[in-house]
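Asks: Attaching a single structure in structure tokens format; questions to follow.
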There are 2 protein chains.
Amino acid sequence: MSPDHQHAGAPTISEVAAAAGVGRATVARTLGNYGSVSDATRAKVLRAAERLGYQANTLARSMSTGITKTLGIVLADVANPFFSGVLRGISEAARQAGYDAIILSTDEKLELERDAIRVLLAKQVDGLVVASAAGRSDDVSHLSNAIERGMPVVLIDRLVDGLDIDSVVIDNREASRAAVSSMIQNGHRRIAFAWGPVTLSPATDLQQMHSILDEALWSDGERLRGYLDALEEAGIPFDTALVTHVLKNERQATRAVGGMLALADPPTAIFTTETEATVGALRALQTHNLRILKDVSLIGFDDSPWAAVMEPPLTMIQQPMRELGATAAQQLLARIGGDTSEPKKHVLPSTLLARSSDGPVPSHARR
Amino acid sequence: MSPDHQHAGAPTISEVAAAAGVGRATVARTLGNYGSVSDATRAKVLRAAERLGYQANTLARSMSTGITKTLGIVLADVANPFFSGVLRGISEAARQAGYDAIILSTDEKLELERDAIRVLLAKQVDGLVVASAAGRSDDVSHLSNAIERGMPVVLIDRLVDGLDIDSVVIDNREASRAAVSSMIQNGHRRIAFAWGPVTLSPATDLQQMHSILDEALWSDGERLRGYLDALEEAGIPFDTALVTHVLKNERQATRAVGGMLALADPPTAIFTTETEATVGALRALQTHNLRILKDVSLIGFDDSPWAAVMEPPLTMIQQPMRELGATAAQQLLARIGGDTSEPKKHVLPSTLLARSSDGPVPSHARR
């Protein structure tokens, strides 16, 4: 494909100029709403632009007021049901305000996030909602530069170090602590945690684990901190063998949890922090011929419709996905509307949806 | 929010002009790459634009060549795992060619699809991949107008009547026929179909059903035709009571399938055509205390990771989601690159992934 090939796309300024019988600069002045153009010429250009289907209104509005009625949404992974739920909330709230939402997915890759921000700025959106893939020590100048240039940005699902801007999250640490505590109250002391932060040098003690957490994606770090909080409250020593550090995909989760189940002292309960980790853990149980509840308890993050039709139905931490999305969109729209108040951190409540995948330690697993 | 409120967004042409010490028209000529500008002035403007972070390159490239290196993707529902898989395939293929993909989701609503096309044309994408929400008799001028204006468009997942353009689909009718036939070979004669086309006046006979199919979304129609083909092959009379016509959400599927399970002559097998229909059917079985395979067989469209960890694991029709997406992106990129050959219809193979949710009619259900 040759980069200078001119495809027969939307009408160009030249075509509008030819149709109106004026020069290109006149068309640019008219449609861009600047410089001096006589009323008669302006009418001629607008008629030609309309006849050819030139996107005159949007462009003119955009160039004269800076408002394009479009929000840019950057999500880490639209294939994750959590983000599809969030997206629905954003889109609905945007639509109600007469805005469109255009979406880019970054597959949890920071370089794709940088690219996405560049694209959205070029496409002249009015503001951004971002679920950033940035770890605590990553360079986030792509975000801070956009913010410095006056682009309103609202963070969703994840805080980003060094960015003191609006955000919409749940209390991941507390949600995680409560779920793990409920397992401990059921007698579990060997509780697997999938997923821990991705690292090639897993922690060998609690101190190293805290250093890893300092570098992790905010939500990952918070969820593991909640797990550690629950252990500490109950006086249960931290065992590095029960935390995964693998790449975040289902296959790796299956392998890592499978490895734990093969330990001499295997976990009697599993806590999973994302949908794919939950599916990976379920596959590992299946492979090891272990049944949920009867052999191993399980609680996961992010309820999905299928979790309710599993046998037994899965106990899950439910995030208010639509409400998270709607809150982010509304906060962003307020900023676009001129709200210059202090940055707001919206912390929405999550729910531990008790079903039947967690219970007492089975007698055959007691020691 | 006042529409003429000017927020402090990306630098404007005026700001670049002020910083460069030239007039706005000069900046427009320089960045738009038209008219006459001296080399010294051009350099001054470009330096100022760069200093201010003006998106000069993209805009200049777009205005001079018409190519923005962006694909517009319009999907019926990004929350549907099928479309998230497709999206991944599109994004990967686009990225490999140096293109970005921006996405709009239409929630299966035609008016939102019209809006999405308008937005993407205004944002000057180079081409469109569209999974259209249009039924057979709907007005699709939003698509035909874009095509007439030279915008390359590739249809994915669904053909649209009256648009003779590139498309990427599976053979829905044959996939459906093969799945239902395999159930018939297992002895089933009462096979429920969820979802049939949405209509307020369900068919009372086969002829009426065919009229409904003529109006339906293409893929919906094809899947039901495959079901009817399999029945006809086996000489099984069509029973309207076994086809749902409800709104397409999980709750409606649960209710409709539940109603069938309560019939005097209930289905012994269920064929579901989408993920939400599958979950709805599973819920209905749960409510009626019926177990998959032991009481009722089930085959569904669109494999998901969780289907493999169900007990028993679900037999599913697997579409090559990533490959569908990648093929659509590649076809679109070829058109953007100047390929003017005849429209191509890519029909990719699907797979009936045999697991353990379908089997013989249980003896207690035989009559």
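A short reminder: the numbers here are calculations on the coordinates, not readings from a lab. Since this is a predicted model, take the numbers as computed values, not measurements. Note that we place each Cβ from the backbone using ideal geometry, even for glycine, and neighbour counts take in every protein chain shown.
Asks: Need the C-alpha centroid separation for the range A:332-351 versus the range B:318-351, integer Å.
Replies: Centre-to-centre distance over Cα atoms comes out at 42 Å.
Asks: Per residue of B:329-339, what is the mean number of Cβ atoms on other protein chains within 10 angstrom of that residue's Cβ?
Replies: Numbers: counts 0, 0, 0, 0, 1, 1, 2, 4, 5, 6, 1.
Partner-chain Cβ atoms within 10 Å, mean over residues of B:329-339: 2.
Asks: Report the FRET efficiency, 1/(1 + (r/R0)^6), for B:Gln208 and B:Leu353, where r is their Cβ-Cβ distance and R0 is 51 Å, rounded to 0.05. Mind dumping the intermediate values first?
Replies: Details: r = 34 Å, r/R0 = 0.66.
With a Förster radius of 51 Å, E is 0.90.
Asks: Using the 10 angstrom Cβ neighbour count as an exposure proxy, how do B:His210, A:His364 rank, fewest first?
Replies: Numbers: B:His210 14, A:His364 7.
The fewest-first ordering by Cβ neighbours comes to A:His364, B:His210.
Asks: Moving on to the next point. Find every distance from the label point of A:Pro305 to the corresponding label point in the other copies (7 Å from Cα along Cα→Cβ) and write them in nm, one decimal, shortest first.
Replies: Those separations, rounded to one decimal, come out as 1.9 nm.
Asks: Can I ask one more? I need the inter-copy label distances for B:Ala264: point set 7 Å along Cα to C-beta, values in nm with one decimal, smallest first.
Replies: 6.7
Asks: Now, a different point. Just the number: Rg to Rh for the range B:173-240, Cα atoms, Kirkwood Rh, two decimals.
Replies: Working: Rg = 11.4 Å, Rh = 12.1 Å.
Radius of gyration relative to Kirkwood radius: 0.95.
Asks: Grab every C-alpha pair in the range B:274-367, bin the distances at 10 angstrom width from 0 up to the longest one, and report whole percents.
Replies: Spelled out bin by bin, the range B:274-367 gives 14, 35, 22, 15, 10, 4, 0 percent.
Asks: Based on the mean of other beta carbon atoms within 10 Å per residue, what is the order of A:162-174, A:137-149, A:341-353, most packed first? Could you put the intermediate results ahead of the total?
Replies: Working: A:162-174: 19.8, A:137-149: 15.7, A:341-353: 13.6.
The packing order, highest mean first, is A:162-174, A:137-149, A:341-353.
Asks: In peptide B:73-79, what is the residue-averaged number of other protein chain Cβ atoms found within 10 Å of each Cβ?
Replies: Per-residue shielding by partner chains comes out at 4.
Asks: Counting Lys +1, Arg +1, Asp -1, Glu -1, what net charge surrounds A:Met321 among other residues with beta carbon under 13 Å of its beta carbon?
Replies: On the way: positive: A:Arg88, A:Arg322; negative: A:Glu92, A:Asp157, A:Asp302, A:Asp303, A:Glu323.
Around A:Met321, the charge tally is -3.
Asks: I would also like to ask the following. Report the net charge of residues surrounding B:Leu242, where surrounding means a beta-carbon distance below 10 angstrom and charges are Lys +1, Arg +1, Asp -1, Glu -1. Please list the in-between numbers first.
Replies: On the way: positive: B:Arg190; negative: B:Asp239, B:Asp265.
Its environment carries a net charge of -1.
Asks: Looking at the P(r) of chain B, how many percent of alpha-carbon pairs lie beyond 34 Å? Can you show the working numbers first?
Replies: Numbers: 26756 of 67161 pairs.
I get 40 percent for the Cα pairs in chain B exceeding 34 Å.
Asks: What do you get for Rg/Rh of the range A:226-338 when both radii come from the Cα atoms and Rh is the Kirkwood radius? Numbers along the way, then the final one.
Replies: Values: Rg = 17.4 Å, Rh = 15.9 Å.
Here Rg/Rh amounts to 1.09.
Asks: Can you give me the relative contact order of chain A as a percent, contacts being Cα pairs under 8 Å and 6 or more apart? Intermediate values should be presented prior to the final figure.
Replies: Details: 657 pairs, mean separation 63.7, N = 367.
Averaging sequence separation for qualifying contacts and normalising by length gives 17 percent for chain A.
Asks: For each of A:Leu155, B:Leu332, A:Leu206, count neighbouring Cβ atoms within 10 Å of the residue's Cβ, then give the residues from fewest to most.
Replies: Numbers: A:Leu155 24, B:Leu332 30, A:Leu206 13.
Exposure proxy ranking, most exposed first: A:Leu206, A:Leu155, B:Leu332.
Asks: Nearest 500 deg cm²/dmol is fine: what mean residue ellipticity at 222 nm does the protein assembly as shown get from its DSSP H runs of n ≥ 4 alone, each adding -39,500 (n - 2.57), divided by its residue count?
Replies: On the way: 26 runs with 319 residues, N = 734.
Estimated from H runs of four or more residues: -13500 deg cm²/dmol.
Asks: Which residue, A:Gly337, A:Gly196, A:Gly135, tops the fluctuation ranking in a GNM of chain A built on C-alpha contacts under 10 Å?
Replies: A:Gly337
Asks: Count the lysine pairs in chain B that are 8 or more places apart or on different chains: how many have C-alpha atoms under 27 angstrom apart?
Replies: The result is 9.
Asks: Considering just Cα atoms, how many Å³ per residue does the convex hull of the protein assembly as shown enclose? Mind dumping the intermediate values first?
Replies: Values: hull volume 121.7 nm³, N = 734.
Taking the convex hull of the Cα positions in the protein assembly as shown, it is 166 Å³ per residue.
Asks: Under the convention of a label 7 Å out along Cα→Cβ, give the distances in nm from B:Leu352 to the same position in every other copy, shortest first.
Replies: With the label placed 7 Å along Cα→Cβ, B:Leu352 yields 4.6 nm.
Asks: Round to a whole angstrom and tell me the spacing of the C-alpha centers of the range A:229-253 and the range B:110-162.
Replies: Going from one Cα centre to the other spans 48 Å.
Asks: Roughly how crowded by other chains is peptide B:110-123, in terms of the mean Cβ count from those chains within 10 Å of each of its Cβ atoms?
Replies: Details: counts 0, 0, 3, 0, 0, 2, 3, 0, 3, 10, 3, 6, 14, 12.
Mean inter-chain Cβ contacts per residue within 10 Å come to 4.
Asks: Answer with one residue from B:Pro267, B:Gly235, B:Leu324: the one whose Cα lies farthest towards the positive end of the charge dipole of chain B, charges on Cβ with Lys, Arg +1 and Asp, Glu -1.
Replies: Result: B:Leu324, furthest along the dipole toward the positive end.
Asks: Sticking with this one: At 7 Å along the Cα-to-beta-carbon direction for both A:Lys345 and A:Ala262, put a label point, then send me their distance in nm to one decimal.
Replies: 4.2 nm
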